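The values are calculated or read from the model by the stated rules, or taken from the named source; none is laboratory data. Everything numeric here is computed off the predicted structure, so don't read it as measured data. Positions of Cβ are generated from backbone atoms using ideal geometry, with glycine treated the same way; all protein chains shown enter the neighbour counts. Areas reflect the complete protein model, heavy atoms only, side chains present, ligands, DNA and RNA absent. Shrake-Rupley method; radii C 1.70, N 1.55, O 1.52, S 1.80 Å.
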Amino acid sequence: MNKTHPPRILERLLDYILPKYVGHTALGDFAEDYCRIADKRGRSAADSWYLLQIAKSIPAFVINSIRWGFVMFRNYMKVTLRTIRRHKGFSFINIVGLAVGMACVIIIMLWVRYELSFDRHHQKADRIFRVASESEAYSPPTKMVVTPPPMAQALIQEFPEIETSARLSRGGRKKLFSYGNMHFYESFFAVDPSFFEIFTFEFVEGDADSALADPYSIVLSESQARKLFGSQNPIGQIIQFDEKTEFTVTGIIKNIPSNSHLRRDIYIPFETWGKLYEEPLHAWRYWSFYTYVLTRPNVNIAEIETKFPAFAEKHGIPKQKLLLQPLLSIHLHSHFQGEISPNTHVSTLLLFGSIAVLILIIACINYMNLTTARSSARLKEVGTRKVVGAHRSQISRQFLGESIIMALFSLIISLFLVHLFLPLFNSLAERHLALNGDSILQILPGIVLLILFVGMLAGSYPAILLSSFKPITVFRGGEKKGSQKRRLRNVLVVAQFSVSLILIIAAFLVNNQLDFIRIKEMGFDRSQIVVVPLHDNKIRQNVGPVLEELKRNPQILYAASSMHLPNQVGASTTIKWPGKTEDSQIWVKVSEVSYEFTELYGINILEGRSFSREFPSDENGAFLVNESAKKIMGDDFRLGIGLSHWGRPEPSGQIVGVMKDFHLNSIHEEIQPLYIYLNPNRGQHLSIKIQGGSIPDTIEHIRETMENFSPYYPFDYRFFDDVFNMAYIEEQKMGKMFGVFASIAVFIACMGVFGLSAFLAEQKRKEIGIRKVLGASVSKIVYMLSRDLMWLVLFANIIGWPVAYYAMNRWLQNFAYRTNIHFGIFLLSSVLIFAISFVTLGYQAVKAARVNPVDSLRYE
Amino acid sequence: MFYFVREIIAEKMKFLSRPEEIILFTILKLKEDAYCVPIREKASEISGKEWSFGAVYVPLHRLEKKGFVKSSFDDPTPIRGGRSRRIYKITAAGIKALAEVRELQENMWAETPEFSHE
């Protein structure tokens with residue numbers, strides 16, 4: 001007989017399946033038969049026989065173990081229910097703690113599922129890309145998602161891989177739409193007709209192919225149509241756009257789901273819009289539109305991207321490195337300048353995911369501590385089971401099963417909690433999460449894993465500990481109080497409190513950083529400024545009289561028009577100055593403003609002067625540059641030199657002054673070079689600085705003035721403060737959510753301490769009685785009871801501080817401008833933790849210390 | 001008290017299940033060298049249907065627990081991958097149990113008229 005051996009991997013598998021009582025000889029039996037068959041019929045036949053044997057052997061073993069398993073399970077279930085009923089308080093702490101922890105995890109799961117679902121409803125989603133670019137002309141290089149208008153067509157013509165493309169514009173800001181007596185400002189998208197071919201929008205009326213074919217057609221969402229026309233047939237209705245254009249409704253689309261990065265209720269043709277607003281639709285240097293492309297199936301994106309440098313060179317935009325962003329990655333991975341809707345950072349999801357898991361772990365620690373602390377109550381049960389013949393593994397399986405049953409109970413409660421608190425989370429995070437059959441089904445694997453995770457984690461230590469009791473010691477005189485057992489419990493308590501402390505410190509610091517942003521010297525003034533959008537072209541082109549009229553009111557200090565507000569300077573262009581080498585294009589940020597702009601916003605002038613009516617030459621063209629721009633110009637810079645912009649060959653005016661740097665965009669970004677040009681007649685906004693007195697009266701004056709000059713357009717205004725805060729809304733949401741989660745963590749940890757101290761007080765009942773009889777005061781006993789746990793909390797502080805410091809330091813690196821980490825925050829958090837834990841502990845301790853010794857000692 | 005409970009359980013388990021009976025009978029027939037490989041072959045031969053190893057181990061294990069067979073290990077051989085064989089021997093109690101089964105069967109058939117089946 002040949003000495004062939006069954007494959008190792010199959011033997012391992014078999015060894016794993018075989019019940020332990022069969023032992024290693026069984027492998028030998030299989031090996032022997034394997035050998036014989038291999039001899040007779042060859043190796044592969046033997047291999048398949050071996051596999052078949054494994055498959056055949058499984059049922060006999062499984063059925064056997066299931067039958068007995070079921071009998072035992074009924075018993076375990078009964079014991080578990082009995083334990084829950086007998087120790088209501090502890091079970092309550094366990095179940096509620098686990099339920100809250102699980103609810104946090106489930107909410108985060110729902111959230112993650114939602115964030116991952118963005119834009120997936122578009123049928124061709126995997127073939128849709130957005131063109132973005134990384135501009136090396138800026139320092140530092142800037143990533144942006146806007147593109148010049150002719151690019152979309154050029155891409156189709158020059159790249160056979162690209163099936164079609166569409167341009168999209170947000171049209172600057174909300175525009176006036178009217179229908180009958182209804183006038184409203186609404187945001188919209190101006191898109192090419194191919195937009196509806198690339199993306200999947202469900203048409204209720206009209207169809208995707210022809211909806212925007214006519215230059216004066218308009219597509220509305222269902223809800224918008226209902227708002228305007230009620231139950232009338234919307235098709236063919238005429239909607240007035242701005243003052244002079246009429247659009248005919250040709251299509252109604254289903255409302256767009258909230259998990260879409262492209263959401264508007266109104267769509268108009270791109271070309272028509274461009275003509276109306278005299279946009280330079282053939283300019284390759286005018287970067288302010290979005291380009292989406294649909295590739296042909298199975299094309300290699302990397303290959304297309306390698307051809308981009310030549311493409312950019314050909315069209316005279318050599319310093320722009322073009323990229324294709326997959327549609328599905330936009331929401332979570334694209335954080336460029338000019339995003340259409342606020343995207344979610346993956347790191348935010350990870351952050352809250354880990355916080356939820358930490359909360360769950362804290363709850364699991366509660367379970368472990370409370371279960372093992374009360375282990376003496378289960379000693380006799382374990383002893384009896386062992387005497388009757390239970391194996392150690394069976395006992396530990398019993399306790400694991402018990403914790404899984406607890407986890408199941410908690411799951412039911414946690415689903416209820418999720419249902420209750422999801423609306424709160426939705427308003428905090430501004431999401432539309434729902435707990436329904438559909439979403440539960442999608443996170444079902446997650447929930448099953450959650451149960452197993454909780455059951456295994458919470459049950460592991462009790463299972464190991466309780467199954468290790470020796471029946472003989474149990475029945476002879478009770479378990480000796482092992483110091484090892486207490487040590488591990490202490491470690492767990494310390495871990496719990498360290499995590500809570502870290503979360504509290506983090507919550508404080510996050511909110512600190514947000515306050516820092518709110519009050520940071522942005523370089524411009526934010527208070528008491530009213531912003532009025534200029535909807536009317538007539539005013540825009542001749543804004544002088546309006547400004548004069550406004551200033552007639554003594555409460556109005558300054559009034560100015562500007563292309564941008566100082567915190568959202570969006571446009572950029574190239575500039576030239578005498579002495580600049582021709583070959584390098586320098587891109588800088590640009591805005592055009594009227595007189596009084598710098599005074600109104602309190603922007604400091606470091607050199608020279610601001611625009612002034614006292615210098616009539618300013619009318620012929622004047623520039624202000626910021627410090628960063630001055631730095632770029634280097635030695636060439638002098639006050640009074642001419643500057644040419646928007647790609648013009650001749651200088652358009654001279655530099656009259658240098659502004660102190662102010663933040664042009666989010667505080668996350670570094671300040672970029674900027675110039676502003678005196679040109680009151682290209683303003684998009686009026687800014688009006690008002691002083692004390694009655695603000696409503698002043699606003700009334702502004703309203704009257706605006707309505708006088710442009711009667712067609714309803715008055716519309718906002719405070720600059722609000723506009724400014726809008727930009728940091730994501731961070732503020734995050735700060736609030738962080739606070740909520742940190743509080744939950746502390747709450748659960750305290751529940752654990754509450755339970756533990758109740759147990760300790762119960763255990764020391766007699767000791768307390770005797771001490772009191774011998775003359776101990778209540779405060780002495782409270783001290784005695786709380787001393788140990790307070791040491792642990794102190795210890796947690798020592799561990800928590802450096803970890804929190806390190807973690808928060810890393811987080812703050814994300815900001816270009818950040819607050820200092822104050823020692824005070826650490827101190828405050830520690831004091832808070834101490835106070836909260838002392839109150840919970842103290843309650844139990846005082847209760848125990850005030851018991852009349854007669855009650856606790858009467859059986860002695 | 002626990003001893004008492006054990007007695008009751010043990011008493012209940014003295015009955016032989018059908019697979020147990022066949023395996024026990026096979027061991028009896030094999031006399032010497034009754035370990036899993038020949039037991040499986042012989043059992044398949046007697047009952048006329050294929051027995052998987054799994055179907056052999058479980059009854060063997062129970063038989064041993066009930067004290068009808070006892071097992072010992074011999075020296076490991078290379079053909080078994082260095083593992084020893086577990087040789088089963090029927091005990092006196094095992095023989096008695098088989099005899100009881102046979103007696104029961106014969107008693108039952110004794111009073112039954114002859115019949116033939118296809």
| query | With every protein chain present, what is the per residue accessible area of the protein assembly as shown (1.4 Å probe, Å²)? | reply | 49
| Gap in Å between the Cα centre of the stretch A:799-851 and the Cα centre of the stretch A:502-570? | 37
| said: With a 1.4 Å probe, what is the total accessible area buried between chains A and B, in Å² rounded to the nearest 100? | reply: 2300
| query | To the nearest Å, what is the center-to-center distance of the stretch A:347-400 and the stretch A:174-220, using C-alpha atoms only? | reply | 59
| Under 23 Å from the Cα of residue A:78, which lysines turn up, not counting those fewer than eight places away in the same chain? | A:88, A:380, A:386
| said: Antiparallel versus total DSSP beta bridges in chain A: what percent is that, nearest 5? | reply: 75
| task | Treat every Asp and Glu Cβ in the stretch A:318-438 as -1 and every Lys and Arg Cβ as +1, leave all other atoms uncharged, and give the resulting dipole magnitude about the Cα centre to the nearest 20 debye. | result | 660
| request: Putting +1 on Lys and Arg Cβ atoms and -1 on Asp and Glu Cβ atoms, find which of A:725, A:471, A:784 reaches farthest to the positive end of the dipole of the protein assembly as shown. | output: A:471
| Net charge of neighbours whose Cβ lies under 12 Å from the Cβ of residue A:597, counting Lys and Arg as +1 and Asp and Glu as -1 | -3
| said: Multiplying the sequence separation of residue A:416 and residue A:88 by 0.36 nm and subtracting their Cα-Cα distance, what value in nm do you get? | reply: 116.1 nm
| said: Rounded to the nearest 20 debye, what is the charge dipole size of the stretch A:149-316 about its Cα centre when +1 sits on each Lys and Arg Cβ and -1 on each Asp and Glu Cβ? | reply: 580
| remark: What helix-only [θ] at 222 nm does chain A give? Using -39500 (n - 2.57) per DSSP H run of at least 4, over all residues, to the nearest 500, the answer is -17500 deg cm²/dmol
| query | By how many nm would the segment from residue A:448 to residue A:805 grow when fully extended, if each residue of separation counts as 0.36 nm and the alpha-carbon distance is taken off? | reply | 125.0 nm
| note | The FRET efficiency for residue A:117 and residue A:335, from their Cβ-Cβ distance with R0 = 25 Å and rounded to 0.05, is 0.85
| query | In terms of Cα to Cα distance under 13 Å, which aspartates and glutamates are near enough to residue B:96, apart from those fewer than 8 places away along the same chain? | reply | B:21
| Going toward the positive end of the dipole of the protein assembly as shown, with +1 on Lys and Arg Cβ and -1 on Asp and Glu Cβ, which of A:187, A:420, A:121 do you reach last? | A:420
| query | Using the Karplus equation 6.51 cos²θ - 1.76 cosθ + 1.60 (θ = phi - 60°), what ³J(HN,Hα) coupling, rounded to whole Hz, does each residue of the stretch A:663-669 give in order, writing x for Gly and Pro? | reply | 6, 7, 9, 5, 5, 5, 9
| query | What nm value, rounded to one decimal, do you get for the distance between residue A:305 and residue A:490 when each label is placed 7 Å out toward the C-beta? | reply | 5.5
| request: Can you pull the one-decimal nm distance between simple spin-label points at residue A:703 and residue B:89, each 7 Å off the Cα toward Cβ? | output: 11.0
| said: Compute the orientation-averaged projected area for the stretch A:149-316 from the convex hull of its Cα atoms and round it to one decimal in nm². | reply: 10.5
| For residue A:607, residues with placed amide H under 5 Å, excluding near neighbours | A:658
| task | Report the paramagnetic label zone for residue A:232: residues of the stretch A:162-200 whose backbone N is under 18 Å from a point 7 Å from Cα along the Cα-to-Cβ axis. | result | A:177-184
| task | Could you sort the residues of the stretch B:28-54 by number and keep only those whose accessible area is reduced by 10 Å² or more in the all-protein-chain setting relative to the chain alone, 1.4 Å probe? | result | B:35, B:36, B:37, B:40, B:41, B:50, B:52, B:53, B:54
| field | Carbon plus sulfur fraction of accessible area for the stretch A:149-316, probe 1.4 Å, in percent | value | 48
| Dividing the convex hull volume of the alpha carbon atoms of the protein assembly as shown by its residue count, what do you get in Å³ per residue? | 306
| field | Point-charge dipole on Cβ atoms (K/R +1, D/E -1) for the stretch A:340-410, about Cα centre, debye to 20 | value | 440
| field | Euclidean distance of C-alpha centroids, the stretch A:301-329 and the stretch B:48-118, integer Å | value | 78
| Partners for residue A:227 among lysines (Cα-Cα distance below 25 Å; same-chain residues under 8 apart left out) | A:174, A:175, A:244, A:254
| message | If I take R0 = 35 Å and measure r between the Cβ atoms of residue A:243 and residue A:646 in this structure, what FRET efficiency does the formula 1/(1 + (r/R0)^6) give, to the nearest 0.05? | response | 0.80
| task | Holding the Cα-Cα limit at 22 Å, pick out from A:520/A:736; A:589/A:736; B:65/B:89; A:321/A:660 the pairs that are longer than that. | result | A:589/A:736; A:321/A:660
| task | Specify which residue in the list B:67, B:101, B:23 is farthest towards the positive end of the charge dipole of the stretch B:11-110, using unit charges on the beta carbon of Lys, Arg (+1) and Asp, Glu (-1), about the Cα centre. | result | B:67
| request: Could you work out the local net charge near residue A:156, counting Lys and Arg as +1, Asp and Glu as -1, over the other residues with Cβ closer than 13 Å to its Cβ? | output: -3
| task | Work out which helices of chain A, taken as complete DSSP H runs, extend at least 30 Å along their axis over the Cα atoms and score a mean Kyte-Doolittle of 1.0 or more, then list them. | result | A:88-116, A:346-373, A:392-429, A:444-467, A:729-763, A:823-849
| To the nearest 0.05, how large is the calculated FRET efficiency for residue A:456 and residue A:58 if R₀ is 22 Å and r is the Cβ-Cβ distance? | 0.35
| message | Can you tally the net charge around residue A:73? Count Lys and Arg as +1, Asp and Glu as -1, for every other residue whose Cβ sits under 14 Å from the Cβ of residue A:73. | response | +3
| remark: Carbon plus sulfur, as percent of the 1.4 Å-probe accessible area of the stretch A:536-715, comes to 47
| Estimated distance in nm for a label pair at residue B:102 and residue A:124, the labels positioned 7 Å out from Cα along Cα-to-Cβ | 8.5
